[in-house]
Amino acid sequence: MTKSSGHARSTAGPTVSRRALLTGAAAGVFMGPWKHVRVYAAATDKPIKIGLTTDASGQFGASGQSERRGMILAMEEANAKGGVLGRKLTFVWQDTETTPATGSRVAERFITREQVAFVVGAVQSGVANAISQVCQKYGVVYFNTNSSSTTESAKDCHRTKFVWDGNGTNFAHAIVKNAIRTSGKNWVLLTNDYVWGHQTSKATRVLAEANGASGSS
């Protein structure tokens, strides 16, 4: 028989203080993927810079420029009323060319060089996905204003991306029954050859067939 030494020995490993835990968490937030976030709660009169990622060329150049003009008008109206929380809004813009690779480069430039607080825009869903991946990387909030593939708010959604446009499935639910009633049950589906077109065509076909239509695409 051996005698106890009278000293308790812990086998749970080293302990971490609350201060160290909170300090480490804060470092992870502000020095990790969120280190490029430029908007803080502290009082300041520094303008809030927004990066506009809208097309001026490519398939959706016309739509992108209409959207850009609407964004600028909204910012001008907000500034005329004193801005947001007392801060004026300013912006930078660059053509994303309806091309995912260009969208990625523009978003990277806006965040790392222009130091924007938010990124807003994109019409084509492939471009929107590319922009959102860059924003996710840096922890910058991205507002996807006008991309309608279901993947944007599902499979390709990120914690920093907000999507408010309806998707192709929503639109199909809104129009299919009435289209069958007014135009007949023989359909031909023509669509764009990228993710939005594929998803919308698939959703439309399912709903059309469920309501008695048939045809080809």
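What follows draws every value from the coordinates through simple rules; no lab data is involved. Remember, predicted model here, so these are calculated numbers, not experimental data. Positions of Cβ are generated from backbone atoms using ideal geometry, with glycine treated the same way; all protein chains shown enter the neighbour counts.
If I stretch the segment between K185 and L73 completely, what's the gain in nm (0.36 nm per residue apart, minus their alpha carbon distance), one decimal? Working shown, then result.
Numbers: separation 112, 0.36 × 112 = 40.32 nm, distance 4.32 nm.
Taking 0.36 nm per residue and subtracting the Cα distance, the gain is 36.0 nm.
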**Message:** Out of the trypsin sites (Lys or Arg not before Pro) in segment 52-137, which ones are loop residues according to DSSP with at most 11 other C-beta atoms within 10 Å?
**Reply:** K81, R113
**Distant-in-sequence amide H partners of E97 (H built 1.01 Å from N, under 5 Å)** = A56, S57
**Request:** Please give, to one decimal in nm, the separation of the simple spin-label points placed at N192 and A80, each 7 Å out from Cα toward the Cβ.
**Result:** 3.2 nm
**Request:** Once you've got the Cα coordinates, tell me which of K81/K137; K88/K155; K177/K202; K155/K177; K88/K161 are over 25 Å apart.
**Result:** K81/K137; K88/K155; K155/K177
**Environment charge of S57, counting only residues whose C-beta is closer than 13 Å and scoring Lys/Arg +1, Asp/Glu -1** = -2
**Prompt:** In debye, nearest 20: dipole of segment 79-194 around its Cα centre with unit charges on the Cβ of K, R (+) and D, E (-)?
**Reply:** 380 debye
**Prompt:** Non-local amide H neighbours of K161 (under 5 Å, H modeled in plane, Pro and chain starts lacking H): which ones?
**Reply:** Y142
**Message:** Run the simple label-point estimate for Q65 and K177 please: 7 Å along Cα→C-beta, distance reported in nm.
**Reply:** 4.0 nm
**Fill in**
Long-range amide H partners of T53, meaning residues 5 or more apart or on another chain whose placed amide H is closer than 5 Å, are V120, G121, A122
**Asked** Between A210 and K46, what is the spin-label point distance in nm, taking each point 7 Å from the Cα along the Cα→C-beta axis?
**Response** 5.0 nm
